[in-house]
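First the structure, in the form of structure tokens, and then the observations on it.
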């Protein structure tokens with residue numbers, strides 16, 4: 001029997017996929033606010049998408065919220081599908097809005113924020129096997145890690 005399927009979506013939710021609080025319980029990765037994550041495809045061995053070498057996730061940041069300021073060795077692709085906000089890439093910050101596509105290159109410091117008074121929602125495609133993000137110190141140079149931040153290692157989720 002085929003494992004192919006359609007996951008029915010609505011306004012930021014999908015049938016049978018519970019949103020999870022972003023970074024919940026991850027030590028050293030707490031410099032974020034009001035972010036949820038939906039693991040849509042490829043989230044692990046039991047996900048039913050064994051043929052995928054990537055994960056497809058949906059993140060939503062509430063108005064005034066933001067993701068961790070971080071860097072990692074893997075690159076990833078982001079498509080903005082809801083709202084307006086900003087993305088920090090290295091030392092530059094760019095406005096983003098619906099249907100903008102963002103490439104985050106390996107080792108580049110980055111953060112997404114919903115700083116335009118509305119929620120910011122985006123799809124993120126990332127390799128299934130990847131290194132662990134390192135949180136960057138807010139006050140330091142773009143490459144300095146926060147105290148207590150985790151180093152790089154292979155893992156299955158972000």
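The values are calculated or read from the model by the stated rules, or taken from the named source; none is laboratory data. Just so you know, these numbers come straight off a predicted model, no measurement behind them. Positions of Cβ are generated from backbone atoms using ideal geometry, with glycine treated the same way; all protein chains shown enter the neighbour counts.
Looking across the range 6-54 at every residue that is at positive phi and over 17 Å from the mean Cα position of the chain (by Cα), the one that is modelled with the highest pLDDT is identified as 16.
Taking into account only those residues within the range 117-135 that are assigned to a loop (DSSP other than H, G, I, E, B) and modelled with pLDDT under 95, which is nearest to residue 62 (Cα to Cα)? Among them, the one singled out is 133. The set of residues in the range 98-115 that are surrounded by 14 or more Cβ atoms within 10 Å (Cβ to Cβ) and in a strand (DSSP E or B) comprises 102, 104, 110, 111, 112, 113.
Looking only at residues of the range 136-146 that are touching a strand residue (DSSP E or B) at 6+ places or on another chain (Cβ under 9 Å) and in a loop (DSSP other than H, G, I, E, B), we find that the one that is modelled with the lowest pLDDT is 146.
Going by what's in this entry, would residue 74 be described as assigned to a loop (DSSP other than H, G, I, E, B) and modelled with pLDDT of 90 or more? Spelling it out, residue 74 is indeed assigned to a loop (DSSP other than H, G, I, E, B) and modelled with pLDDT of 90 or more.
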